[in-house]
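Have a look at the structure below, then the notes.
The values are calculated or read from the model by the stated rules, or taken from the named source; none is laboratory data. Because the structure is predicted, anything quoted here is derived from the model rather than measured. FYI the Cβ positions are ideal-geometry reconstructions off the backbone, even for glycines, and counts take in every protein chain you see. For accessibility, only protein heavy atoms count, side chains too; no ligands or nucleic acids. Shrake-Rupley method; radii C 1.70, N 1.55, O 1.52, S 1.80 Å.
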Amino acid sequence: MFAGIDIGSRSIELVVVENSRVVHAARAATTFDPVSQCHKLFDAAPACPVVATGYGRELAAANGFGREITSITEIKAHALGAAHRFPQAGGVLDIGGQDTKAIALLPGGKVAKFEMNDRCAAGTGKFLEFLANVFQIPVEEFGAYALSGTPGIEVSSMCTVFAETEATSLMAKGRDPKDIALGLHASVVRRTANMLRRVGVADGITPVVFSGGVAHNPCIVHLLGQALGQPLLVAHDPDMTGALGAALWGERRG
């Protein structure tokens, strides 16, 4: 057995595989004490070698947690995990809590080209969470709320603070909040679709896997499918893709 742990800014995912089949999976909020959260996840999992990924992967390698731990980049992990779940995939879009990754895939989950935005929260889960708070709506419900809006509002700013200012200004002018929410989601989609195109993912031709926590947002999934001219490939637990890929990488290395 091999375990993969993906330590992200908002959540930590742990997957254990045996003969490439998932035998254990668990998730915990990162909180302000990710080390304790990792301990809880490991305590409930089978003892086996671990491959860490995510922004906190070096934290896992440094702590050890009483296990044999190596680490790989999020790009490698998501590429392997996505290709394992969807062998036909030619691209991956991962939108996490604080970064966005667009990856062009080669057969077997190898990375052909990638682009990553990790310099600011623009277009990430944190961006959507912040704006959901502006609308006083739980982030888990924000996508469904936006889907009920009518197209026509374009939000130009991708800076979290300026987007909030733009949204509140539109509200003050009497625009329907659902329409504004839809416009905010559309701004995220424009940004991410362009990232995919820059790495060579062709609209309507290349099957794209959507991974990461934001893949739970139905509005982003719907609008991205429209923008790319095809439905996205979304697993039932898209935020586990990185941990799965890390575990598979460990299994391949033996």
Filtered residues of the range 130-176 (kept if under 22 Å from D99 (Cβ atoms) and among the acidic types (D, E)): E140, E164
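Just one of G183, G200, G149, G174 is crowded, with 20+ Cβ neighbours inside 10 Å, assigned to a loop (DSSP other than H, G, I, E, B) and not aliphatic (A, V, I, L, M); which is it? Step through it out loud before you land on a result.
Working: G183 fails: assigned to a loop (DSSP other than H, G, I, E, B); G200 fails: crowded, with 20+ Cβ neighbours inside 10 Å; G174 fails: crowded, with 20+ Cβ neighbours inside 10 Å.
Result: G149 is the single residue among G183, G200, G149, G174 that is crowded, with 20+ Cβ neighbours inside 10 Å, assigned to a loop (DSSP other than H, G, I, E, B) and not aliphatic (A, V, I, L, M).
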Any hit, the range 221-233, residues being touching a strand residue (DSSP E or B) at 6+ places or on another chain (Cβ under 8 Å), buried (at least 24 other Cβ atoms within 10 Å of the Cβ) and part of a loop (DSSP other than H, G, I, E, B): no
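Looking at F142, is it open to solvent by less than 40 Å² (accessible area, probe 1.4 Å), more than 21 Å from L228 (Cβ to Cβ) and in a helix (DSSP H, G or I)? Don't jump to the end; show me each part of the working.
On the way: open to solvent by less than 40 Å² (accessible area, probe 1.4 Å): yes; more than 21 Å from L228 (Cβ to Cβ): yes; in a helix (DSSP H, G or I): yes.
Against the criterion (open to solvent by less than 40 Å² (accessible area, probe 1.4 Å), more than 21 Å from L228 (Cβ to Cβ) and in a helix (DSSP H, G or I)), F142 qualifies.
Could you list, in sequence order, the residues of the range 84-98 that are touching a residue at least 60 places away in the same chain (Cβ under 8 Å) and either under 18 Å from V199 (Cα atoms) or over 18 Å from the mean Cα position of the chain (by Cα) (or both)?
Step one: list which residues in the range 84-98 are touching a residue at least 60 places away in the same chain (Cβ under 8 Å), which gives 84-86, 88-98.
Selection gives Q88, A89, G90, G91, V92, L93, D94, I95.
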